[in-house]
Amino acid sequence: DVKVTQSSRYLVKRTGEKVFLECVQDMDHENMFWYRQDPGLGLRLIYFSYDVKMKEKGDIPEGYSVSREKKERFSLILESASTNQTSMYLCASSRRYSGGLNTEAFFGQGTRLTVV
Amino acid sequence: AQTVTQSQPEMSVQEAETVTLSCTYDTSESDYYLFWYKQPPSRQMILVIRQEAYKQQNATENRFSVNFQKAAKSFSLKISDSQLGDAAMYFCAYGAGGADGLTFGKGTHLIIQP
């Protein structure tokens, strides 16, 4: 089974802190994603990576950056955390098929981040 | 940009009954995937069912089946013989090519009444 592991389930940080959310997948997937989930808004894509050191902005990249130094690991960085970044963060991975379509993503258990 | 719309924020069904969750999407692509994901209170997003747009046959997974109407851009999920463990948020998602990942709807909260 595919396993996507996020480093923390719950995190509390102070405004202005630099925050790292880590995600590791064990299925050699090319694609990795960071989504943000808020009630009534569904899942919104923050960043997407299709290969090591490659990244693409999603719908809401402002205030976030990412790092993918190894294929299995994708980190989300909040450079200076703010209260409006309090949310659920979901990491996902998927295989990239030759047709180039985005097929099913496998998710981690989520990190609930509270910025105070 | 593609959009996915789930018009039912919340649905309630009696245990053992059948319920249908609605989803519509907007795209100009001809080849893509559609998904239904389940998110129980434990928060783990679980893939329920997948449909490939070029396949006319509706996907089925045990008690879960879809009604895929490509021309109408509609993708509904039918849950038969509802069980208490089916209670969760259900998200419809769309995947095509490019760097967009999967696009999700806002979700439907499904309540199962014992």
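The values are calculated or read from the model by the stated rules, or taken from the named source; none is laboratory data. Keep in mind it's a predicted model, so treat the numbers as computed, not measured. Note that each Cβ is placed from the backbone with ideal geometry, even for glycine, and that neighbours are counted across all protein chains shown. These area figures cover heavy atoms from the full protein model, side chains too; ligands, DNA and RNA do not enter into them. Shrake-Rupley method; radii C 1.70, N 1.55, O 1.52, S 1.80 Å.
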Is there a simple number for the mean count of other chain Cβ atoms within 10 Å of the Cβ of residues in A:32-38, and what is it?
2
Relative contact order for chain A using alpha-carbon pairs under 8 Å, separation at least 6, rounded to a whole percent?
36
Separation between the B:I46 and A:I77 pseudo-spin-labels, each 7 Å from Cα along Cα→Cβ, expressed in nm?
3.6
Residues of type aspartates and glutamates that A:K3 reaches as a straight line, Cα spacing below 15 Å, ignoring anything fewer than 8 places off in the same chain:
A:E22, A:D26, A:D28, A:E30, A:E72, A:E104
Go ahead and run the numbers for FRET between B:A16 and A:M27, Cβ-Cβ distance against an R0 of 41 Å, rounding to 0.05.
0.65
Specify the residue with the greatest mean-square fluctuation among A:M88, A:M54, A:M32, computed from a Gaussian network of chain A linking alpha-carbon atoms under 10 Å apart.
A:M54
GNM on chain A, Cα springs under 10 Å; top mean-square fluctuation among A:G58, A:G40, A:G16 goes to A:G40
Return the average number of partner chain Cβ atoms within 10 angstrom of each residue Cβ along peptide B:107-113.
1
For A:N84 and A:S7, what is the calculated FRET efficiency with R₀ set at 25 Å and r taken between the beta-carbons, to the nearest 0.05?
0.65
What percent of all Cα-Cα pairs in region A:19-75 falls into each 10 Å bin, going from 0 up to the bin containing the maximum distance?
24, 55, 20, 1
A:Y35 - accessible surface, heavy atoms, 1.4 Å probe, Å² rounded to 10:
0
Per principal axis, largest first, the Cα atoms of chain A extend in Å by 44, 31, 26
Ratio of the Cα radius of gyration of the protein assembly as shown to 2.2 N^0.38 Å, where N counts its residues
1.01
Restricting to DSSP loop positions (anything but H, G, I, E, B) with no more than 13 other Cβ atoms inside 10 Å of their own Cβ, which chymotrypsin sites (Phe, Trp or Tyr not before Pro) remain in region A:40-116?
A:Y97
So if I take the alpha carbon set of region B:3-113, get Rg, then get Rh from the Kirkwood formula, what is the Rg over Rh ratio?
0.95
